[in-house]
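Visitor: The structure follows.
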Protein chains: 2
Amino acid sequence: MADLVVVGSVALDSVKTPFGQVAEALGGSATYFAYAASFFTQVRVVAAVGEDFPPAHLALLEAREVDTGALQVLAGKKTFRWTGEYGFDLNEARTLDTQLNAFAEFKPVLSPSLAKAPFLFLANIDPELQLDVLRQMNRPQLAALDTMNFWIQGKREALLKVLAEVDVLLVNDAEARMLAREPNLIKAARSIIELGPRVVVIKRGEYGSLMVSDGSFFFVPAYPLESVFDPTGAGDTFAGGFMGYLAQRGSMDPASVRRAMVHGAVMASFTVEDFSLERLKRLEPREIEQRFETFQQMVRFER
Amino acid sequence: MADLVVVGSVALDSVKTPFGQVAEALGGSATYFAYAASFFTQVRVVAAVGEDFPPAHLALLEAREVDTGALQVLAGKKTFRWTGEYGFDLNEARTLDTQLNAFAEFKPVLSPSLAKAPFLFLANIDPELQLDVLRQMNRPQLAALDTMNFWIQGKREALLKVLAEVDVLLVNDAEARMLAREPNLIKAARSIIELGPRVVVIKRGEYGSLMVSDGSFFFVPAYPLESVFDPTGAGDTFAGGFMGYLAQRGSMDPASVRRAMVHGAVMASFTVEDFSLERLKRLEPREIEQRFETFQQMVRFER
């Protein structure tokens with residue numbers, strides 16, 4: 001088990017889906033990532049919140065032994081707030097309001113202890129900040145990156161720089177196509193490999209995920225859920241399961257990376273069963289085991 | 001190896017994709033199905049064409065030992081023609097022209113020998129004809145059905161009748177949702193099981209396919225192709241690989257049904273690599289084997 005550092009957002013989300021709504025619930029990429037990864041390894045969160053951040057949320061992360069020592073509380077600022085809505089097509093959120101608040105001032109500074117962590121996840125933030133964090137690190141064993149269309153279009157040069165220095169990229173299919181400027185997803189994945197990362201993970205929501213690595217493909221379906229309650233955080237939870245498992249193993253051999261993909265899919269499948277972290281809060285380790293086995297049964301066939 | 005009968009269309013397709021075009025090429029559901037299944041078992045085609053049907057096309061099927069004895073050539077009629085176009089999103093065809101011709105007069109009549117065949121595929125035709133064929137059969141060991149939105153909306157009652165009497169339904173995801181009147185695909189698949197078939201196969205194009213059977217799910221990805229040339233016939237080719245393999249095995253045990261799904265995906269992945277039957281015409285059995293193994297490598301992970 002090795003230290004895993006995540007740099008990203010901690011937010012208060014107000015979300016409406018066809019199945020209900022929540023106001024100012026705990027959210028943010030670093031939050032979902034850390035909570036999911038905490039089932040596998042020691043996680044340390046680098047993020048910024050405002051003075052109004054509820055202590056109960058902090059306590060929730062700490063109850064999972066997530067290290068929040070590098071969570072900056074910015075004086076005179078409010079916490080990042082996101083308001084979004086999903087229709088019956090749960091594949092895409094409609095953003096109704098974004099208040100960056102403390103997140104706009106976020107300048108990650110890594111202590112010497114954090115800089116030595118062997119596993120790093122750069123959640124979806126400005127690629128210039130991602131690059132800055134990477135430069136502060138002391139050669140992590142594994143660095144992974146998430147990004148989004150906003151940065152792919154708006155800060156392509158910075159993004160390409162950080163991409164050249166990471167081991168793993170996790171994106172959704174539209175982002176992969178946009179980044180590679182290639183409509184065919186398979187060609188897109190291969191050409192992203194040319195940009196630096198040796199592993200590309202493409203998340204496709206209800207269609208599962210795929211990984212390209214060493215010239216070979218690995219596919220994981222999405223868990224067949226009869227009701228997806230709220231997809232917010234699914235991608236970051238996937239990344240948390242993926243990186244958490246690899247940090248627990250302390251290894252990047254091909255078999256471990258495949259199991260990491262499945263653990264990502266397992267964790268994401270729980271997150272979407274309820275709002276915010278509600279499902280993860282009541283998750284038992286044996287449920288992770290059981291769902292992992294179900295994934296194996298869902299794809300297994302013999303010659 | 002057991003006799004497999006297919007009832008469907010034999011057509012002349014004019015297709016345009018972003019990668020090229022063909023005029024009056026050999027097509028039709030029964031054609032793709034039979035050609036694909038011929039790599040696994042003896043296939044017998046029940047269909048109708050016009051006097052203008054090129055003898056070379058017939059010879060092509062016969063060269064694969066497909067039995068065309070029940071292919072009716074209707075005097076004074078022309079062969080069914082379909083003209084369609086695909087944009088860069090190859091998931092859906094735009095139909096430009098349909099001339100039913102001989103297909104409009106098609107009244108399948110099964111000889112006693114055909115009626116005894118143990119394996120039957122009812123390709124996408126009027127469900128009243130499908131039911132009529134099923135009633136002519138002498139209790140096949142396995143009957144499978146394809147259909148489409150046109151019949152689901154226009155002849156629902158007849159379709160429900162034939163559905164109640166078949167073992168397997170193969171449809172795409174939109175058709176499954178429409179048939180079950182349920183937006184969630186997993187719930188839709190489960191509720192189709194209630195309508196009769198004990199196996200439901202849902203084809204999702206570039207996202208692969210899934211099967212529901214005995215309360216469990218089985219997922220197969222699509223083969224990662226860098227260029228999909230023409231998706232026409234992919235679904236019928238899938239069905240041909242699926243049913244052909246089961247007829248070859250003469251068995252419906254769960255492991256065989258899973259392998260049949262993979263053979264369906266393998267065969268479909270070849271068809272879309274070129275127009276019409278061009279890729280299948282130059283397909284070698286060892287290529288089927290190789291791609292089957294690749295599918296296994298693409299999903300395999302260990303505990």
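The values are calculated or read from the model by the stated rules, or taken from the named source; none is laboratory data. Computed from a predicted structure; not experimentally measured. Positions of Cβ are generated from backbone atoms using ideal geometry, with glycine treated the same way; all protein chains shown enter the neighbour counts. These area figures cover heavy atoms from the full protein model, side chains too; ligands, DNA and RNA do not enter into them. Shrake-Rupley method; radii C 1.70, N 1.55, O 1.52, S 1.80 Å.
Visitor: Given charges of +1 on the Cβ of Lys and Arg and -1 on the Cβ of Asp and Glu, with all other atoms neutral, how large is the dipole of segment A:83-161 about its Cα centre, in debye to the nearest 20?
Guide: Details: 8 positive and 10 negative charges, 111 e Å.
Value, rounded to 20: 540 debye.
Visitor: Then there is this: If ligands, DNA and RNA are left out, what is the accessible area of B:His263 with a 1.4 Å probe, given in Å² to the nearest 10?
Guide: 10 Å²
Visitor: Sticking with this one: At a probe size of 1.4 Å, how large is the accessible area of A:Asp236, to the nearest 10 Å²?
Guide: Roll a 1.4 Å probe over it and A:Asp236 shows about 30 Å².
Visitor: A follow-up question, please. Using the structure shown, select from A:Lys107/A:Lys155; A:Lys16/B:Lys203; A:Lys161/A:Lys187; A:Lys16/A:Lys107 the pairs with a Cα to Cα distance greater than 23 angstrom. If you can, show how the numbers build up before the last one.
Guide: Numbers: A:Lys107/A:Lys155 17 Å; A:Lys16/B:Lys203 31 Å; A:Lys161/A:Lys187 21 Å; A:Lys16/A:Lys107 31 Å.
Violating the 23 Å limit, Cα to Cα: A:Lys16/B:Lys203; A:Lys16/A:Lys107.
Visitor: List the distances, in nm and shortest first, from the label point of B:Lys187 to the matching label points in every other copy, placing each point 7 Å from Cα along the Cα-to-Cβ direction.
Guide: 3.9
Visitor: Relative to the Cα centre, what is the charge dipole magnitude of segment A:1-78, using +1 at the beta carbon of each Lys and Arg, -1 at the beta carbon of each Asp and Glu, and rounding to the nearest 20 debye?
Guide: For this selection, approximately 180 debye.
Visitor: Using a 1.4 angstrom probe on the protein heavy atoms only, could you order B:Thr98, A:Thr41 from most to least accessible area?
Guide: Listed by decreasing accessible area, they come as B:Thr98, A:Thr41.
Visitor: Quick one: accessible area per residue over segment B:55-151, 1.4 Å probe, rounded to a whole number of Å²?
Guide: Here the residues of segment B:55-151 average 52 Å² of exposed surface.
Visitor: Whole-Hz ³J(HN,Hα) for each residue in segment A:22-33, computed from phi via Karplus 6.51 cos²θ - 1.76 cosθ + 1.60 with θ = phi - 60°, x for glycine and proline: what do you get?
Guide: Result, rounded to whole Hz: 9, 10, 6, 8, 5, x, x, 4, 5, 5, 4, 4.
Visitor: Additional query: What shape does chain B take by its C-alpha gyration tensor, where a ≥ b ≥ c are the square roots of the eigenvalues and a/c under 1.5 counts as rounded, a/b above b/c as prolate, and the rest as oblate?
Guide: rounded
Visitor: Ordering A:Lys77, A:Lys203 from largest to smallest accessible area (1.4 angstrom probe), what's the sequence?
Guide: Per-residue accessible area, sorted high to low, gives A:Lys77, A:Lys203.
Visitor: Compute the length gained on full extension between B:Arg300 and B:Gln136: take 0.36 nm times their separation in residues and subtract their Cα-Cα distance, giving the result in nm to one decimal. Walk me through the intermediate numbers first.
Guide: Details: separation 164, 0.36 × 164 = 59.04 nm, distance 4.30 nm.
Fully extending the segment from B:Arg300 to B:Gln136 adds 54.7 nm.
Visitor: Moving to a separate point now. Just want the answer: with Cβ charges of +1 for Lys and Arg and -1 for Asp and Glu, which residue in B:Ser14, B:Ala47, B:Val201 is farthest toward the dipole's positive end in chain B?
Guide: My answer, from the dipole projection, is B:Val201.
Visitor: Would you be so kind as to identify which of A:Ala93, A:Val228, A:Leu4 lies farthest towards the positive end of the dipole of chain A, taking Lys and Arg as +1 and Asp and Glu as -1 on Cβ and the Cα centre as origin?
Guide: A:Leu4
Visitor: Here's another thing I want to ask about it. Suppose every Lys and Arg Cβ carries +1 and every Asp and Glu Cβ carries -1, with no other charges. What dipole size does segment B:61-212 come out with about its Cα centre, to the nearest 20 debye?
Guide: 320 debye
Visitor: Once the dipole of segment B:246-303 is set up with Lys and Arg at +1 and Asp and Glu at -1 on Cβ about the Cα centre, which of B:Pro254, B:Gln290, B:Ser269 lies farthest towards its positive end?
Guide: After comparing all options, I get B:Pro254.
Visitor: Who wins for biggest fluctuation among B:Leu246, B:Leu225, B:Leu280 in a Gaussian network model of chain B, springs between alpha carbons below 10 Å?
Guide: B:Leu225
Visitor: For chain B, set up a Gaussian network in which alpha carbons nearer than 10 Å are linked by springs, and say which option among B:Ala63, B:Ala158, B:Ala234 fluctuates the most.
Guide: B:Ala63
Visitor: Taking GluC sites (Glu not before Pro) as exposed when DSSP calls them loop (any state but H, G, I, E, B) and at most 14 other Cβ atoms lie within 10 Å, what is the longest stretch of chain A free of them, the sites themselves excluded?
Guide: Answer from the scan: A:93-225.
Visitor: Given the -39500 (n - 2.57) contribution per DSSP H run of 4+ residues, what per-residue ellipticity at 222 nm results for chain B, rounded to the nearest 500 deg cm²/dmol? Don't skip to the answer; put the middle values down first.
Guide: On the way: 12 runs with 116 residues, N = 303.
-11000 deg cm²/dmol, from helical runs alone.
Visitor: With both bridge residues required to lie in chain A, what share of the DSSP beta bridges run antiparallel, to the nearest 5%? If you can, show how the numbers build up before the last one.
Guide: Details: 21 of 52 bridges.
Within chain A, antiparallel bridges account for around 40 percent of the total.
Visitor: On to the next question. Rounded to the nearest percent, how much of the accessible area of the protein assembly as shown (1.4 Å probe, protein heavy atoms only) is carbon and sulfur?
Guide: Reported share for carbon and sulfur atoms: 49 percent.
Visitor: Something else about it: Run the numbers on chain B and let me know its relative contact order in percent, using alpha-carbon pairs under 8 Å that are six or more apart.
Guide: Here the relative contact order equals 18 percent.
Visitor: Also, quick follow-up: With all protein chains present and a 1.4 Å probe, how do B:Thr232, B:Thr95 order by accessible area, largest first?
Guide: Order by accessible area, largest first: B:Thr95, B:Thr232.
Visitor: Find the centroid of the Cα atoms in segment A:237-288 and in segment A:195-230, then give the distance between the two in whole Å.
Guide: The distance from the Cα centre of segment A:237-288 to that of segment A:195-230 comes to 13 Å.
Visitor: Would you pull out the residues with amide H under 5 Å of B:Thr17's amide H, same chain only if 5 or more places away, H placed 1.01 Å from N?
Guide: B:Tyr86
Visitor: Within a 10 angstrom radius of each residue's Cβ in B:222-234, how many Cβ atoms of other chains show up on average? Whole number is fine.
Guide: Per residue, the average neighbour count from other chains is 3.
Visitor: Got a sec? Which residues of segment B:159-204 lose 20 Å² or more of accessible surface with every protein chain in place, vs. that chain alone, 1.4 Å probe?
Guide: Those residues are B:Arg177, B:Asn184, B:Ile186, B:Lys187, B:Arg190, B:Arg204.
Visitor: Related question: What shape does segment B:4-51 have by the C-alpha gyration tensor, where a ≥ b ≥ c are the square roots of the eigenvalues, rounded means a/c under 1.5, and otherwise prolate means a/b greater than b/c and oblate the rest?
Guide: oblate
Visitor: Which value in Å is the Kirkwood Rh of the protein assembly as shown over different Cα pairs?
Guide: 25.8 Å is the Kirkwood radius here.
Visitor: Still on this structure, I have one more. What's the total accessible area buried between chains B and A, using a 1.4 Å probe, rounded to the nearest 100 Å²?
Guide: Values: alone 13590 and 13570 Å², together 23850 Å².
Its buried surface, counting both partners, is about 3300 Å².
Visitor: Determine the shielding of peptide A:256-267 by partner chains: average, over its residues, the number of Cβ atoms on other chains within 10 angstrom of each Cβ.
Guide: Mean inter-chain Cβ contacts per residue within 10 Å come to 1.
Visitor: Which value, in Å² and to the nearest 10, is the accessible area of A:Phe292 when all protein chains are kept and the probe is 1.4 Å?
Guide: 10 Å²
Visitor: How high is the FRET efficiency between A:Lys116 and A:Phe150 when r is their beta carbon distance and R₀ equals 45 Å, given to the nearest 0.05?
Guide: Working: r = 31 Å, r/R0 = 0.70.
My answer for the efficiency is 0.90.
Visitor: Continuing with this model, one more query. Rounded, prolate or oblate, given the Cα gyration tensor of segment A:62-182, with a/c below 1.5 counting as rounded? The partial results should precede the final answer.
Guide: Values: a/c = 1.73, a/b = 1.13, b/c = 1.53.
Since a/c reaches 1.5 but b/c is at least a/b, the shape of segment A:62-182 is classed as oblate.
Visitor: What per residue convex hull volume, in Å³, comes out for segment A:239-292 when only alpha-carbon positions are used? Present the calculation step by step, with values, prior to reporting the outcome.
Guide: Numbers: hull volume 3.8 nm³, N = 54.
Cα-based convex hull of segment A:239-292, divided per residue, equals 70 Å³.
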